[in-house]
Structures are given as C-alpha cells and as structure tokens.
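Right, one structure below, let's go through it.
The values are calculated or read from the model by the stated rules, or taken from the named source; none is laboratory data. Quick caveat, the model's predicted, so the values are computed rather than measured. Every residue, glycine among them, receives a Cβ derived from its backbone with ideal geometry; neighbour counts consider all protein chains shown.
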Amino acid sequence: MNTTTMKWLLRREFWENKGSMFWAPLVVGALLVLLVGGTIVYGVAAHGVPAHVTINGQTVANGGMAASVTLESREMIAKIATGMYLATASPLFFMLSFAVFFYCLNSLYDERRDRSILFWKSLPVSDQMTVASKAVTALLVAPLITIVLAVGASLALLFLVCVAFSFQGINMFSAVLASRDLYLSPLILVALLPVYAVWALPTVAWLMLVSSWARTKPFMWAVGVPLIGLLILKWVDTAMEKISGVSLAIMPYAQDIAARILGGILPGAWFIFKGGVPAGLRPSENGVDLPALVSNSYATLAGLDAWIGVALAVLMLFAAMRLRRWRDEG
Amino acid sequence: MSAVIEAKGLSKRYGKRTAVDGIDFSIPAGRIVGLIGPNGSGKTTTLKAALGLIPFEGELSVLGYDPRTERDALMQDVCFIADVAILPRWLRVADAIDFVAGVHPRFNREKAERYIAGTKLKPSMKVKEMSKGMIVQLHLALVMAIDARLLVLDEPTLGLDIIYRKQFYQNLLEDYFDEHKTIVITTHQVEEVEHILTDLMFIRDGRIVLAASMEEIGERYIEVMVSHDKLSAANALQPIDRRTVFGKAVMLFDAGAPGGATRQQLAALGETRNPSVADLFVATMKGSYA
C-alpha cells in the first residue's frame, strides 16, 4: 500500500466529516466543561465544601471543613478523581458511536448519490485503498480524535474543580498531580483502542457493505435486515417449539450476531458481548482498577468469537470494495 | 507506436437493451478524437468501458491494459471527466489541489493554480458555494494539470459560458495537447470542437457509422450549392443529404462511396465547399430521432 496516498485519503475523510468527528465533540466537550465545571465551581464557592463528596456514585465521607481535611482523605479524593475523571467525558464516547455509525452508513453511499465517485475514480486511487481508508477512519481516526478531546475536556474539568477547592483553602493540586491514575487514564484509553477496533470491525464492515450496496435508504437496510431477520427467526422458532416441541436453539446466536453487527461500535460493548462487566471492574470505594480494565478487555480477544467476527468483517469489506469497483452509476 | 485504445467486438448490454453492439475501433496516439452521437447512442457507455467503470464483452485494450483487470495501473496514465461527475459539495479549492497533488504523481500544481487564477475561484471556496460553471472550471483546472497520456472528456463544458468554453478548448490545444497525448471528447456542441479535432467517430444505436480523420472527411464529403438548372443532374448523383438555404438547394455528397460522384462532376453543379461536422452529423444521423 502506498502510504502517501493513504495519508491523503485519511485527510480527505477528515475534511468531509470534520463536523461530526471534530467540531461536534469539541462543542459538546466545551459545554461539559462550562456547565458541569461552572456548576461545581459555583456550588463550592457559594456553599463551601460539602460534608462529603460524591463522584460518580462514590462517596468520600468526612470531607468536612477545610481545616479538617486530612492528607489521607485528600489523597483518597484525588485517587478517585484521577481514576474516574475521564468518565465525565462519557457523553463524547456516546456521541462517537453515533458519529461512526452514520459515517460508515454514508461512507460509500454519499459519493454514489452525489456522483462525486466518478471524480474520485478518475484519480489513481484503488478501490481497496479507498475502502481501507474509510474503515481506518471509523476504527482508529475518529476514536483517537474523541480520546484527545475527551482527555482535554476532563483535564479542564478536573482543573476547575481543583481551583474551586483551593479557593476554600483546600489544596488538591499536589495530591491530584501526584496521583498515578491522572497520567495512566489517557494511556488506558489509547491502550483500549485496539480492542475497540477488533469488536467494532464487524459493525463497521456491515454498515459499509450496506453503504456500498443500497440504492436508496441505507439506514433502513442496515438496521432493518438484522432486526426483521431476527423477528422472522423468532416466529419460526416459536412455531417449531409449539408444533414439535423442539426449539431451533439458534435464537441466542442470531441475537448475538444482530447485536454485534449493529452494536460493536459502542465503546466497551465487548463486555456486554462477553456476558457483562466483570465484577472486579465495577467502581468501588477505591475508584476504578484501571490496569484490570485493560487486562479484562484484552481477555475478551482470547475467544474465537472475536476473530470469527473479524474474518466475516474482512469478507464484508472485500464485498464492499468489489461493489464499489463495478457499480454502474448511470 | 501502437494504438492507445483498441476495441474488437466491444459489446455492452443492459438487460435486454444493447447499448454498444460489437464495435471495432482503434485510436492511435497523438490524436484528438471527437466521439459524436445522439443521446443514448452508446458513446458514454463506450467511454465507461474504456475507463474500467463497467464490465463489458469483447476485447478492449487501453494503453496496453485491460480496463477490467488492470484499472489501477491504467489510472496512472488516464484522466477523465465523466458527463455526470460532480465534485463533492464539501471540497475546498485549496484542499482539492492538495489532494490531487498528493495522490497523483503527474499533477502539476503550478498549472492548476494558473488555471484557477484565470477564474473567480478563491482557494478557501467550497464547492457548495460555487455556481455550476465554477464547479466545472475547478474540475477542468484539476484535470488539465494532470499530464495524462489519455484524457477522456465526456461533455466537459456543460454549464460553462461561451467565453470560458472557447478559452478552455484553446488551452486544451495550446497548453495541454502534444504528440504523446490522446484526447477523446464527446460533446453536443460539435461546432466548438470541430476545429481542434483530428479524427471523428460517429456512433449511432451502439454502432460506429463513421470513423475517419478530418483530412479524409475533407476529401470525402463535399457540399454543393446547386444552381437551379442542375437540380436533376445533382439528384442523379445520389446526394446523402439535401436542404435549402436562402432558396438554394444545398446537397451533400460522399465522394468516397463506391460509385460516388467525383470532385470534378460536383464542381460542375455549383459552388463546392467542405461541410461542417454538424451538417455531416445531421445527414448521417437522419432518422435516428424518429
């Protein structure tokens, strides 16, 4: 593969989708900082430090009055705050799923609809590279942009909170800056990106396949086919059970497939596919165990099902590429 | 040098309709070929086949490549403007130049910028802010700056005003074209391209009805302003077309047809001249609009 061409194709995708991939999360991130941060700063300034601090459901009692905040409780607050501060940016990751969903759905459809595909095809850029650049944008570029913005927004928020506390005479800065998790959290997100890419690939590939195939209404096809397929299977299954008393026993598989080709782009969806978030990862009084989050996430790749999905996704992307190659647009 | 485009028995069917019906043709290097035919005659289909955009039957070799299997290699040396192609609405002028410069090894940035300087386009402008004519100007500036061995232009000047159209064809001839390049043009505005063409191909109902160089056509086809007293003599020589201009009969003769009239015979009938491509086209296509 020609890396210069790839670089320009990725840039091209970014130009086209700057709004949903960059500006929208930037604006939402800024609003989060302003609204959430503003509320906290105002609350602390107007009412003083509360008797206990609750962050994402974790309560640190005996925060108490400024004078009585011990070094220990300060460190505890800092540990929870630095372990979880990225959670404040979770709306951005939710937005990412939407952005990636619609990006993939339109990635090979819009260029056919507005006929700009004939311009792109007049340049020495192969269909393989074009399709690959779109998959890479969905799986790596868009999530990376969101990670950077999320870390930025979360750090700004954390900083605001620390400033608010310092006006009350509580210096959180040293404890926060000394906390290992402050620096670890952004790295954890980046470390999770490969896991995300593996689990999101089947969804991305399915949406791109529909995008290159559908003549109209790619959304209806992409969502309708799995859901209606599931419904029909359910009827058949129920009917079989009623008549012969034998269940087809494929419903769980069918549901799994439907979930994975539609929901794979949700960050953390791998835990759901694998039967729920491991108990050890649920936030506890000591915050979140970040290294365990990474190791548990990578553990989901050990099974065969993740890689069957990857194999099918590669086939779907290949089909999308062939469709783009031969589709005759009037 | 071998032919740039060589077709043998090229056919394309859409369902039951035959768009291109087993045509043979050969386009040598260093020519400017006008592919001319009425709507639905198969000219766009032929070009699409040559550009590897659609599957087809028969043999077709473009610059020595098979467009079906070697399209990626082919596109290094070929550039085209498809009749319905349009630039994406979100593209900026400066980004478009950067992108093509980035992916095309034969793109000349200075040239593109020079063409754009001759228009009202600004680097920060997006396609969605442009008029139809401006979009075509940008597209042409990008394509003309690519040093391709084969350039295919399918209705390239749709939406352009006459001043820019003239300028475009002049640029094409003076600035772009040389003996190593080949240009294939289709257009409805035949009169604007006829002075730059070296070859003509008329296509009708998926078949090529005429393929000749402009010199051959100049020798073969003769238009005569027939004087009143020689009308019956003229009709006896089997004109392929007749019309009336200011009350005078104007007849078109094919001197190359077997048993056709000779130049001397025709000169005796009245004033002779070379027909315009448009008149020749109308004469050849008679009946295809019926």
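Only helices (runs of 4 or more DSSP H) whose full extent lies in the range A:108-152 are considered here, and the ones with at least 1 residues that are modelled with pLDDT of 95 or more are A:127-136.
Among the residues of the range A:1-41, those that are touching a residue at least 24 places away in the same chain (Cβ under 8 Å) and of a type in the set (Phe, Trp, Tyr) comprise A:Phe14, A:Phe22. Among the conditions (1) at pLDDT below 95; (2) buried (at least 16 other Cβ atoms within 10 Å of the Cβ), B:Tyr14 misses just one, which is (2). Of the numbered conditions (1) within 13 Å of chain A (Cβ to nearest Cβ); (2) touching a strand residue (DSSP E or B) at 6+ places or on another chain (Cβ under 8 Å); (3) surrounded by 15 or more Cβ atoms within 10 Å (Cβ to Cβ), B:Val62 fails exactly one; give the number of that condition. Looking at each condition in turn, B:Val62 falls short on (1). Would you point out the residue of the range A:201-219, among those that are of a type in the set (A, V, I, L, M) and at pLDDT 95 or above, that is farthest from A:Ala313 (Cα to Cα)? Only one residue tops the list, namely A:Val210.
The residue of the range B:89-109 that is nearest to the chain's Cα centre (by Cα), among those that are more than 9 Å from chain A (Cβ to nearest Cβ) and surrounded by fewer than 16 Cβ atoms within 10 Å (Cβ to Cβ), is B:Asn108.
The set of residues in the range B:250-268 being more than 25 Å from the chain's Cα centre (by Cα) and modelled with pLDDT of 85 or more consists of B:Val250, B:Met251. Selection within the range B:65-80: residues that are surrounded by fewer than 22 Cβ atoms within 10 Å (Cβ to Cβ) and touching a residue at least 24 places away in the same chain (Cβ under 8 Å). The member of this set that is farthest from the other protein chains (Cβ to nearest Cβ) is B:Asp77. Against the condition more than 14 Å from chain A (Cβ to nearest Cβ) and at pLDDT below 95, how does B:Ala3 come out, does it pass? The answer is yes for B:Ala3.
Do the conditions hold for B:Asp83, that is, is it in contact (Cβ under 8 Å) with a residue 12 or more places away in the chain, within 11 Å of chain A (Cβ to nearest Cβ) and among the acidic types (Asp, Glu)? Yes: the conditions hold for B:Asp83. Exactly one residue among B:Glu271, B:Glu219, B:Glu191 is under 30 Å from B:Lys166 (Cβ atoms), touching a Ser or Thr at 6+ places or on another chain (Cβ under 7 Å) and surrounded by fewer than 15 Cβ atoms within 10 Å (Cβ to Cβ), and that residue is B:Glu191. For the range B:118-125, the count of residues that are crowded, with 22+ Cβ neighbours inside 10 Å and assigned by TED's automatic domain parsing to the domain that holds B:Glu194 is zero. Every condition in (1) surrounded by 23 or more Cβ atoms within 10 Å (Cβ to Cβ); (2) free of Cβ contacts under 8 Å to residues at least 40 places away in the same chain is met by A:Ser126 except one, and the failing one is (1). The criterion of at least 3 residues that are at pLDDT below 90 and over 30 Å from A:Leu105 (Cα atoms) is met, among helices (runs of 4 or more DSSP H) falling completely within the range A:223-330, by A:290-299.
Any idea how many residues of the range B:110-132 are farther than 26 Å from B:Leu51 by Cα, more than 11 Å from chain A (Cβ to nearest Cβ) and not small (Gly, Ala, Ser)? Residues meeting the conditions: 12.
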